[in-house]
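The values are calculated or read from the model by the stated rules, or taken from the named source; none is laboratory data. Just so you know, these numbers come straight off a predicted model, no measurement behind them. Neighbour counts run over all protein chains shown; Cβ positions are idealised from the backbone, glycine included. Please note that ligands, DNA and RNA were not included when accessible areas were found on the heavy atoms of the full protein model with its side chains. Shrake-Rupley method; radii C 1.70, N 1.55, O 1.52, S 1.80 Å.
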Amino acid sequence: MRLNIVGQGAIGSLIAAQAYHTSVPCRVFTRANGPRIKVSLFQGISITLPEAFAESAKLTQNDCLLLPLKVHQLHAALKQWQPFLHPDSPVVLLHNGMGGYEAAQELGIVQPIYSVTTRQAAMKVSSRETRQTGMGESLIGRWARPGEPDAHDKSVLKLLSACLPELHWHPQVAQAFWNKLAINAVINPLTALNDIQNGGLLSPAYQQLIARLSGEIAQVISACSHPLSASELQAQIYQVARATADNYSSMHQDVAHQRPTEIAGINGYLIAQAKKKGIDVPANALLVSQIHALTQQ
Ligand SMILES: NC(=O)C1=CN([C@@H]2O[C@H](COP(=O)(O)OP(=O)(O)OC[C@H]3O[C@@H](n4cnc5c(N)ncnc54)[C@H](OP(=O)(O)O)[C@@H]3O)[C@@H](O)[C@H]2O)C=CC1
Ligand SMILES: CC(C)(CO)C(=O)C(=O)O
């Protein structure tokens, strides 16, 4: 199976480099002709990616489409690619926050849809260079297609395992996404609003607010997905803040570079689900309005 990656952003180019390193057949598609990207991997390996394709191309049943995009970019990208998909081409969404699968559903995509959540990390240090900044587990799962066999699961897992180390199958992919959202919903807006690295949240000054946010988020996740206690969530948030203490979160970087943030797909999604369940989430609502005020989104 051949991997077709949409975009050569931070994670897209990291996966492309890992694919070239392990000789996985791979093509990258960008919106416009751009420079060839040099990717510096942790093992001290540097890979310059071949020139990307600027036009979408018809896919066959041996092609897998991977969209490692910001959650708000997914609807437009899926719409662009929909006419090029073979009925059997698996489509893999990789993003933080929620709403990717909903975008595919809204467009009536009939192909098997998979989602990946990852702890791998990368940063575009310039328009020509990506640097790997983190290693970690990735989880993949398929969204249910009632009555459909799982014919693609093995081949998709095999293909992506060759370019995403520590990739594991998750039978309930929505749960994996909720777990990541819970952490991003606290770390990302707080670091962006306070202009701090993730480790800055370990200061006692943020303790009360983190506890309040964790309480709201745990309540929504318990109502929508799976049981999660506020104290369990708080422990996970502190563990991630410690493990990524020197990182600037992706939302911090988006705000710093005046790019649209993923707040709508993270806290915005959580608020929408809370409303459906009749749960009040004032601390999350305040974060969304503060991020909007900061970015004029
Ligand atoms: N970077 C990281 O370490 C991690 C990121 N994630 C998540 O992964 C997702 C991707 O993140 P990241 O790689 O950092 O984001 P980037 O913004 O670096 O990458 C997205 C890229 O896709 C391009 N793009 C958007 N739409 C299209 C399209 N239709 N066709 C071709 N190219 C397109 C963008 O181009 P343009 O610049 O022109 O918009 C951009 O280059 C996000 O949800 C993020 O939260 C998760 C874990 C870690
Ligand atoms: C885990 C964390 C918070 C690391 O910075 C992240 O996923 C992000 O910045 O979006």
| query | Ignoring ligands, DNA and RNA, what percent of the accessible area of the stretch 116-165 is carbon or sulfur (1.4 Å)? | reply | 55
| Listed residues H75, H95, H257, most fluctuating in the chain (Gaussian network, C-alpha, under 10 Å) | H257
| How long is the gain from A144 to Q175 if the chain were fully straight, where each residue apart is worth 0.36 nm and the alpha carbon distance is subtracted? | 9.8 nm
| said: Just to confirm, what accessible area per residue do you get for the chain at 1.4 Å probe, in whole Å²? | reply: 46
| What does the convex hull of the Cα atoms of the stretch 1-75 come to per residue, in Å³, rounded to a whole number? | 91
| field | Estimated 222 nm signal from helices in the chain, with DSSP H stretches of n ≥ 4 weighted -39500 (n - 2.57), rounded to 500 | value | -12500 deg cm²/dmol
| query | What residue among H257, Q236, A144 has its Cα farthest toward the positive end of the dipole of the chain, where the charges are +1 on Lys, Arg and -1 on Asp, Glu, each on the Cβ? | reply | H257
| Translational D (Stokes-Einstein, µm²/s) of the stretch 175-295 at 4 °C and 1.567 mPa s when Rh comes from the Kirkwood sum over C-alpha pairs? | 92
| Tell me, what % of the accessible area of the stretch 175-295 is carbon and sulfur with a 1.4 angstrom probe? | 52
| If you take the C-alpha gyration tensor of the stretch 2-171, multiply each eigenvalue by 5 and take the square root, what semi-axes do you get, largest first, in whole Å? | 24, 18, 15
| request: Give me the percent of Cα-Cα pairs in the stretch 136-229 that sit more than 18 Å apart, rounded to a whole number. | output: 59
| Given the convex hull over the Cα atoms of the stretch 55-112, what projected area results after averaging over all orientations, in nm²? | 3.6
| note | In whole µm²/s, the translational diffusion coefficient that Stokes-Einstein assigns to the stretch 211-263, given a Kirkwood hydrodynamic radius over C-alpha pairs, 4 °C and 1.567 mPa s, equals 102
| said: Please list, in order, the residues from the stretch 243-284 whose amide nitrogen is less than 19 Å from a point placed 7 Å along the Cα→Cβ vector of I196. | reply: 243-256, 283-284
| So for the chain, what are the equivalent ellipsoid semi-axes in whole Å, largest first, each being the square root of 5 times an eigenvalue of the Cα gyration tensor? | 31, 23, 17
| query | Looking at the chain, how many pairs of lysines come closer than 28 Å at the Cα, when each pair is eight or more places apart or spans two chains? | reply | 28
| Computed E for H257/R2 - FRET, C-beta separation, R0 45 angstrom, nearest 0.05 | 0.85
